[in-house]
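Asker: One structure, as C-alpha cells, below. Some questions next.
Readers should treat all values here as calculations from the given coordinates under stated rules, not as data from a laboratory. Keep in mind the model is a prediction, meaning the values are calculated, not measured. Cβ coordinates were reconstructed from backbone atoms using ideal geometry, including for glycine residues, and neighbour counts include every protein chain displayed.
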Amino acid sequence: MNSSTIPDDLISNKIYFIRDYKVMIDSDLSDLYQVKTKRLNEQVKRNLNIFPEDFMFQ
C-alpha cells in the first residue's frame, strides 16, 4: 500500500448522511489530508472554480 493512500474504510467511517445527502465534516477531511482545518477551508474558498458547486456549505 502506498503511504499516500487512504484506506476506504477510514473514509467510509467519516461520511454522514444528512437529509439524504452524503456529507463529510471539514475537520474530518483535514485529518485525512493531514492539514489544519483552517487551511483546508482557505484553499477551498480561494479555489472555488475547481470544486463542484455543491462541494461546501456553511
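Asker: So if a site counts as exposed when it's one of the chymotrypsin sites (Phe, Trp or Tyr not before Pro), its DSSP state isn't H, G, I, E or B, and it has at most 14 other Cβ atoms within 10 Å, what's the longest stretch of the chain without one? Intermediate values should be presented prior to the final figure.
Answerer: On the way: sites that count: Phe55, Phe57.
Excluding the exposed sites themselves, the longest stretch runs over 1-54.
Asker: Run down the aspartates and glutamates and flag those whose C-alpha is under 16 Å from the C-alpha of Lys14, throwing out any fewer than 8 positions away in its chain.
Answerer: Asp26, Asp28, Asp31
Asker: Let me ask something else. With +1 assigned to the C-beta of every Lys and Arg and -1 to the C-beta of every Asp and Glu, and no other charges, what is the dipole magnitude of the chain about the Cα centre in debye, to the nearest 20? Walk me through the numbers on the way to the answer.
Answerer: Details: 8 positive and 9 negative charges, 60 e Å.
My answer is approximately 280 debye.
Asker: Before anything else, pin down the relative contact order of the chain: Cα pairs under 8 Å, at least 6 apart, normalised by residue count, whole percent.
Answerer: Relative contact order of the chain: 18 percent.
Asker: Which net charge results when you count Lys and Arg as +1 and Asp and Glu as -1 among the other residues whose beta-carbon is under 14 Å from that of Leu40?
Answerer: +2
Asker: Put +1 on the Cβ of each Lys and Arg and -1 on the Cβ of each Asp and Glu in region 8-47; which of Ser12, Ile25, Thr37 then has its Cα farthest toward the positive end of the dipole?
Answerer: Sorting the options by dipole projection puts first Thr37.
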